[in-house]
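Working notes, structure below.
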Amino acid sequence: VLIALLLIAGALAVLGAVSLYVPPPWAGRAGAALLLAGLGVAVAALFTGPAELGPLRLDGLAAWTAAAILIASSPAILAAATWSLLAASAALLTVLVASPLFAAGLLVTAAITGWQRGRVPALALGAGCFYAVARLGYSGVLAIGWGLLALGAGLGAAIAGGVAAAGARRLGDAAPAIAALVTGLAIAGLGVSIAARGADLLPAATLGLEAALLFLLTGAVSLAALELAGLAIRAAAGTGEIAQVGRMWPAMPATCLSALIAAASVAALPPFSGFASFYLLLQALFAANRIGGVFVQFAFACAAAAVCIAAGLAALAMLRLLGLTLFGPRLAGSPARDPAGDARLLMAVLAALAAALGLAPGAALLLANPVLSEAGLPAPAPLLLPTFAAGLLTAAFAAVWGVMRQAPQARRGPVWDGGRPGSAELAPYVPGLLALRWRPTPRWPTLRECLAGAVLTLAVVLIVMVAR
Amino acid sequence: MMGAIALVPHMALMLAAAPLLAGLLGPGSPAQPWRDLRRLFRKPGIWPEAAGPFAAAPVVILGATLAAAVLVPSFTLEMATAPMSDLVLIAMLFGLSRAAVVLAAFDAGTGTASLASMRVAVLGATALPGLLVPVLVLAAATGTSLLDPAIAALRESGVHPALALAATAAAITCVALGDAGPEPDFAGRDLAVVTFAGQLRYVTVLSLLAALALPFGLAQAEGGLDTWLVGAACWAVKMGVLAVAAGALRRLRAGLRAERVPELALLGLIVALIAAALFLAGQGAA
């Protein structure tokens, strides 16, 4: 059965490669169909039973990762949004019944659908690394060392991604930077979890793994929503230069609302979904402060500071991006409108998903229970704080709104800026950021770089496995 | 039950203290902020002609601050919100309030406000580690980042020198952050709401510092009215002492050039890391 499934996955890969030469309107549909076929393979694999695939355990973890990638990929986004929506929904359903070959089949097909843009191979590589680190870390090889290595590498990637996102000059530059930021934080969570498990601090290990999974899921949803909104804004404004795009809110309210929810999630603001992941990661670091000697413990304190720096950079990047594109002054003169039905529906679904993950992340984390038991970790306490925060904020907003309604109604009028009437037609500007000499230029890696990375990861995994 | 009832006098105290403290620390009569708020609230707000969700900003700014104020104990512990009064949540609620200020400034469409708001956003991003590393030290010392258990643990163990240093780091970071964001062209009732939010934020931060740095005199929610009154009196004294100290620090902050403020936030982070090292070294020696 295993060989048959691998053959099917291979055939799908060939079909996907052929689909590269299909004209654009059909490419997305072919890609989405392949995704659905991949899901079929995965579901079939489920019924083969995981027991005969012993070495491919941690399947739930891989399934989470693959689903996150699938949602983030959104193939041929504006052209075949309905198909993408179908594929994404099917993926989410399949996560409920994670299976060993799910990840393999899905990663192949997901990679193919996004091949043209070059972003999905990068995400697949990130997920592959994530999976490899998890496999090695939880197998007990170099546990604390692996954990610290993953923590450092993840935080480095997150901070570099944050700096790049906060300094991006084009809308297209922001997406890879945000992907690096979110994936980096997820890998950092995984690192804390592995190190804590190595030191037998099981509650901290559970918190870290939960944080990592939630970062992947919420990050993928938010990233996909931001990508969609970015593409729609770029298409409407005719340019991707942030300095040239602005004040899109009145013309594209649906797109902008979706972007606002997704950006607030990335910025870890309550009650949005990123807050729960950020909270869990910090709690994992707080609980892991007894690992190793004083120097290792101090490294964890520095890691907490680095997590906060990354979160601060994420918030800064999102505020700058939203402030300039949604509200800032507008230069490009072309009329803008929300995209047509399919794409708008997909945006609405992603925004609703991001909002739902923020309101009840504890429910989403129930899906992680198989992963936790695979990794030999105890079941977590229910996560209610974000839900409570959402309820408290809703009550507070309602109270303030009720009081404000007692005052005279507001009216609209011209604003004054430095002694003269303000205008939305001001000269463009991109506010200066931190005076850094080092400013990474974000881009998606090329296919060759992805393949090199994949080979390197595979080699490391094989060497460590053979050494065991 | 008593925990839920205690929320009513707690919020009444916090809401009343916000403009009162501003009046006591500012020039003129202590009642002047109340009068200003009432006068402004009776005037209609004015929204910029091209603004989008600008109207929602005052609701978010005050709502998030109000939510933080509910979570921070004033005169009593064991309030109904105690199981959820986590320091990370409180810090991020302030962050939400600040983010709404920044976006409202962009939405107003004026270059000056947008640039000022971006400066505030950069400062907020710089200050976040300086606020949360002291929380890490506290969590390491008390085993939790929830306020009530942390305060109970501090009362038992006494204040560790590293915790005092961590509190200093948090105070430096708060001074760097300042107590007011940019003024994104609010007017009338909107300006009243945003001004009140600033005053409430100030009281909430001082109350938080009072609960953690001076954890004595706090009543228990089940203790009854007499212990509540004692707790309220102690809270008033602590707030007075801290307000005087904070007033002096504000004057120092006012003399600082805008370019130097992020350096102050960085100093807060460095002091926080030193506090963490000091605490961990102490643990290692023990």
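The values are calculated or read from the model by the stated rules, or taken from the named source; none is laboratory data. It should be emphasised that the depicted structure is a prediction, and the values quoted were computed from it without experimental measurement. Methodologically, a virtual Cβ is constructed for each residue, glycine included, from the backbone with ideal geometry; neighbour enumeration extends over all protein chains shown. What goes into the accessible areas is simple: the full protein's heavy atoms, side chains included, and nothing from ligands, DNA or RNA. Shrake-Rupley method; radii C 1.70, N 1.55, O 1.52, S 1.80 Å.
Please give the number of the condition residue B:26 fails out of (1) over 30 Å from residue B:216 (Cα atoms); (2) open to solvent by 10 Å² or more (accessible area, probe 1.4 Å); (3) of a type in the set (Gly, Ala, Ser).
Unmet condition: (1).
Please verify whether the range B:175-192 includes one or more residues that are of a type in the set (Phe, Trp, Tyr), open to solvent by 10 Å² or more (accessible area, probe 1.4 Å) and modelled with pLDDT of 85 or more. Spell out the reasoning first.
The first filter runs over the range B:175-192 and keeps only residues of a type in the set (Phe, Trp, Tyr), leaving B:186.
Those still in the list that are open to solvent by 10 Å² or more (accessible area, probe 1.4 Å) too: B:186.
Filter once more, so that each one left must be modelled with pLDDT of 85 or more: none.
The answer is no, given that none of the residues of the range B:175-192 is of a type in the set (Phe, Trp, Tyr), open to solvent by 10 Å² or more (accessible area, probe 1.4 Å) and modelled with pLDDT of 85 or more.
Out of all the residues in the range A:387-400, is one or more without any contact (Cβ under 8 Å) to a residue 24 or more places away in the chain, facing chain B (nearest Cβ under 8 Å) and within 26 Å of residue A:200 (Cα to Cα)?
no
Can you pull out the residues in the range B:213-249 that are within 14 Å of the chain's Cα centre (by Cα) and under 25 Å from residue A:396 (Cα atoms)?
B:239
Could you list all residues from the range A:237-254 that are out of contact with any Phe, Trp or Tyr (no Cβ under 9 Å at 6 or more places or on another chain) and on the phi < 0 side of the Ramachandran plot?
Let us first name the residues in the range A:237-254 that are out of contact with any Phe, Trp or Tyr (no Cβ under 9 Å at 6 or more places or on another chain), namely A:237-242, A:244-245, A:250-254.
A:237, A:239, A:240, A:241, A:242, A:244, A:245, A:250, A:251, A:252, A:253, A:254 - these are the residues of the range A:237-254 that are out of contact with any Phe, Trp or Tyr (no Cβ under 9 Å at 6 or more places or on another chain) and on the phi < 0 side of the Ramachandran plot.
Need at least 2 residues that are more than 14 Å from chain A (Cβ to nearest Cβ) and not basic (Lys, Arg) per element, so show me which helices (runs of 4 or more DSSP H) inside the range B:185-286 make the cut, counting only ones lying wholly within it.
On the way: elements: B:188-213, B:225-254, B:261-285.
The helices (runs of 4 or more DSSP H) meeting that bar are B:188-213, B:225-254.
So, residue B:148, is that one of a type in the set (D, E, K, R), in a helix (DSSP H, G or I) and open to solvent by less than 10 Å² (accessible area, probe 1.4 Å) or not? Steps first, please.
Numbers: of a type in the set (D, E, K, R): yes; in a helix (DSSP H, G or I): yes; open to solvent by less than 10 Å² (accessible area, probe 1.4 Å): no.
No, not satisfied.
Determine which member of the set A:302, A:308 is within 9 Å of chain B (Cβ to nearest Cβ) and surrounded by fewer than 23 Cβ atoms within 10 Å (Cβ to Cβ).
Numbers: A:308 fails: surrounded by fewer than 23 Cβ atoms within 10 Å (Cβ to Cβ).
Residue meeting the stated conditions: A:302.
State the number of residues belonging to the range A:258-272 that are facing another protein chain (nearest Cβ under 9 Å) and part of a helix (DSSP H, G or I).
Residues that pass the stated criteria total 2.
Give me the residue from the range B:38-56 that is more than 7 Å from chain A (Cβ to nearest Cβ) and surrounded by 20 or more Cβ atoms within 10 Å (Cβ to Cβ) and, out of that set, farthest from residue B:229 (Cα to Cα).
B:51
Out of B:209, B:229, B:242, B:252, report the one residue that is without any contact (Cβ under 8 Å) to a residue 60 or more places away in the chain, of a type outside the set (Lys, Arg) and surrounded by fewer than 17 Cβ atoms within 10 Å (Cβ to Cβ).
Values: B:209 fails: surrounded by fewer than 17 Cβ atoms within 10 Å (Cβ to Cβ); B:242 fails: surrounded by fewer than 17 Cβ atoms within 10 Å (Cβ to Cβ); B:252 fails: without any contact (Cβ under 8 Å) to a residue 60 or more places away in the chain.
Only one candidate passes the filter, namely B:229.
Are there any pairs with C-beta distances below 7 angstrom linking a residue in the range A:401-413 that is part of a strand (DSSP E or B) to a residue that is open to solvent by less than 80 Å² (accessible area, probe 1.4 Å), with the two at least 6 apart or on different chains, and if so which?
Listed pairs, sorted by first residue: A:411/B:44; A:411/B:46; A:412/B:47; A:413/B:46.
For residue B:83, which of the numbered conditions (1) surrounded by fewer than 22 Cβ atoms within 10 Å (Cβ to Cβ); (2) within 11 Å of chain A (Cβ to nearest Cβ); (3) more than 21 Å from the chain's Cα centre (by Cα) fails to hold?
(3)
Quick grid of which residues meet (1) under 30 Å from residue B:121 (Cα atoms); (2) at pLDDT below 80; (3) of a type in the set (Asp, Glu):
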position: B:215; (1), (2), (3): no, no, no
position: B:232; (1), (2), (3): no, no, no
position: B:235; (1), (2), (3): no, no, no
position: B:240; (1), (2), (3): no, no, no
position: B:243; (1), (2), (3): yes, no, no
position: B:249; (1), (2), (3): yes, yes, no
position: B:254; (1), (2), (3): yes, yes, no
position: B:267; (1), (2), (3): yes, no, no
position: B:283; (1), (2), (3): no, yes, no
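Residue by residue, here is whether (1) surrounded by fewer than 24 Cβ atoms within 10 Å (Cβ to Cβ); (2) β-branched (Val, Ile, Thr); (3) in contact with a helix residue (DSSP H, G or I) (Cβ under 9 Å, 6 or more places away or on another chain) holds:
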{"residue": "A:157", "(1), (2), (3)": "yes, no, yes"}
{"residue": "A:162", "(1), (2), (3)": "no, no, yes"}
{"residue": "A:165", "(1), (2), (3)": "no, no, yes"}
{"residue": "A:177", "(1), (2), (3)": "no, no, yes"}
{"residue": "A:181", "(1), (2), (3)": "no, no, yes"}
{"residue": "A:187", "(1), (2), (3)": "no, yes, yes"}
{"residue": "A:192", "(1), (2), (3)": "no, yes, yes"}
{"residue": "A:195", "(1), (2), (3)": "no, no, yes"}
{"residue": "A:198", "(1), (2), (3)": "yes, no, yes"}
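Taking residue A:379 and the conditions (1) within 13 Å of chain B (Cβ to nearest Cβ); (2) loosely packed, with under 15 Cβ neighbours inside 10 Å, which numbered condition does it fall short on, given that it satisfies the others?
(1)
Could you identify the single residue in B:76, B:126, B:142, B:112 that is in contact with a strand residue (DSSP E or B) (Cβ under 8 Å, 6 or more places away or on another chain), open to solvent by 10 Å² or more (accessible area, probe 1.4 Å) and of a type in the set (S, T, N, Q)? Don't jump to the end; show me each part of the working.
Working: B:76 fails: open to solvent by 10 Å² or more (accessible area, probe 1.4 Å); B:126 fails: in contact with a strand residue (DSSP E or B) (Cβ under 8 Å, 6 or more places away or on another chain); B:142 fails: in contact with a strand residue (DSSP E or B) (Cβ under 8 Å, 6 or more places away or on another chain).
Of B:76, B:126, B:142, B:112, the one residue that is in contact with a strand residue (DSSP E or B) (Cβ under 8 Å, 6 or more places away or on another chain), open to solvent by 10 Å² or more (accessible area, probe 1.4 Å) and of a type in the set (S, T, N, Q) is B:112.
Name the residues in the range B:62-75 that are touching a Phe, Trp or Tyr at 6+ places or on another chain (Cβ under 7 Å), more than 7 Å from chain A (Cβ to nearest Cβ) and modelled with pLDDT of 90 or more, would you?
B:68
So residue B:59 clears everything in (1) at the interface with another protein chain (Cβ under 7 Å from one of its Cβ atoms); (2) buried (at least 24 other Cβ atoms within 10 Å of the Cβ); (3) within 20 Å of residue A:401 (Cβ to Cβ) except one condition, right? Which one?
(2)
Please enumerate the residues belonging to the range A:278-299 that are in a helix (DSSP H, G or I) and more than 16 Å from residue B:145 (Cα to Cα).
Answer for the range A:278-299, where residues must be in a helix (DSSP H, G or I) and more than 16 Å from residue B:145 (Cα to Cα): A:294, A:295, A:296, A:297, A:298, A:299.
Okay, residues lined up against (1) of a type in the set (S, T, N, Q); (2) more than 7 Å from chain A (Cβ to nearest Cβ); (3) touching a Phe, Trp or Tyr at 6+ places or on another chain (Cβ under 8 Å); (4) under 26 Å from residue A:272 (Cα atoms):
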{"position": "B:105", "(1), (2), (3), (4)": "no, yes, no, yes"}
{"position": "B:112", "(1), (2), (3), (4)": "yes, no, no, no"}
{"position": "B:119", "(1), (2), (3), (4)": "no, yes, no, yes"}
{"position": "B:153", "(1), (2), (3), (4)": "no, yes, no, no"}
{"position": "B:166", "(1), (2), (3), (4)": "no, yes, yes, no"}
{"position": "B:171", "(1), (2), (3), (4)": "no, yes, no, no"}
{"position": "B:174", "(1), (2), (3), (4)": "no, yes, no, yes"}
